[in-house]
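Down below is the structure, laid out as structure tokens.
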Amino acid sequence: MAIILSIETATTNCSVSLSKEGETFALKEDYNTNYSHAERLHVFIDEILKESKTDKSEITAVAVSKGPGSYTGLRIGVSAAKGLCYALNVPLISVSTLEALAHQVEIDQGFIIPMLDARRMEVYAEVFNSKHQSLRSVKAEVLDETSYADYLNMDMVYFVGNGVEKTKSLICHKHANFVENRLPSAQEMGALAYQKYKKSDTEDVAYFEPYYLKDFVALKPKPKL
């Protein structure tokens with residue numbers, strides 16, 4: 001029986017779940033606007049195991065959100081996942097952040113565009129059909145009034161993620177639907193991780209790195225007056 005611990009830290013949502021055979025049975029997350037991963041992630045992991053009465057020895061794999069997303073958030077999540085894999089001697093499974101986010105939207109037809117806020121008017125986005133199959137790979141793109149026009153002119157488009165706020169201020173189209181106040185969550189990771197687990201689609205724990213999409217840019221400190 002596969003029990004997978006999933007970790008999601010790509011955005012401000014510090015999220016941990018436990019799933020059995022792909023069905024999530026426990027979830028712990030901090031769905032707010034501040035990054036708290038360094039302080040809360042390991043606490044959440046201990047709490048979710050205790051509250052669900054699951055022993056660490058029962059975990060058969062650890063799944064981690066691989067990005068794109070926050071550079072620091074992803075590093076914290078991946079470091080924690082690797083540590084658990086080494087300690088428990090279990091495989092590491094990576095789950096696309098945007099694919100998991102797309103699964104928060106269930107539709108019969110149309111397109112789903114999960115998007116994460118990047119710098120200024122930029123987002124990280126991918127395009128999926130109603131069956132959650134990727135139609136266009138992940139891109140870092142600057143938004144304007146014509147963004148996603150090809151999809152909007154064909155059918156309904158459902159935008160989801162924390163990139164929605166800047167998107168709805170630009171795109172005014174009768175087919176545009178904005179699913180607000182949603183962040184990537186470990187809730188949807190269990191089913192995706194289980195499909196990879198069954199195929200032994202795992203990562204090399206020693207060499208796996210998050211999918212940052214863009215290089216980290218450190219901000220220069222302001223000069224003291």
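The values are calculated or read from the model by the stated rules, or taken from the named source; none is laboratory data. This one's a predicted model, so the numbers in the text were calculated from it and none came from an experiment. Here the Cβ positions follow ideal geometry from the backbone for every residue, glycine too, while neighbour counts run over all protein chains shown.
Observations, loosely collected:
- Filter pass, Ala26 being more than 27 Å from Asp204 (Cβ to Cβ) and buried (at least 18 other Cβ atoms within 10 Å of the Cβ): yes
- Of residues in region 117-141 being free of Cβ contacts under 8 Å to residues at least 12 places away in the same chain and part of a strand (DSSP E or B), the one surrounded by the fewest Cβ atoms within 10 Å (Cβ to Cβ): Ser137
- Looking only at residues in region 142-157 that are among the charged types (D, E, K, R) and in a loop (DSSP other than H, G, I, E, B), the one that is nearest to Lys174 (Cα to Cα) is Asp155.
- Scanning region 3-46 for residues that are of a type in the set (Phe, Trp, Tyr) and at pLDDT 95 or above, we see that the one that is nearest to Ala191 (Cα to Cα) is Phe25.
- Checking Pro68, Pro114 one by one, the residue that is assigned to a loop (DSSP other than H, G, I, E, B) and touching a Leu at 6+ places or on another chain (Cβ under 6 Å) is Pro68 and no other.
- Among the residues listed as Asp201, Asp155, Asp144, the single one being more than 21 Å from Ser130 (Cα to Cα), in contact (Cβ under 8 Å) with a residue 40 or more places away in the chain and surrounded by fewer than 21 Cβ atoms within 10 Å (Cβ to Cβ): Asp201
- Residue in region 161-184 that is under 30 Å from Tyr86 (Cβ atoms), surrounded by 14 or more Cβ atoms within 10 Å (Cβ to Cβ) and at pLDDT 95 or above present: yes
- Subset tally (residues that are in contact with a strand residue (DSSP E or B) (Cβ under 7 Å, 6 or more places away or on another chain) and either under 21 Å from Ser70 (Cα atoms) or assigned to a loop (DSSP other than H, G, I, E, B) (or both)) for region 167-178: 2
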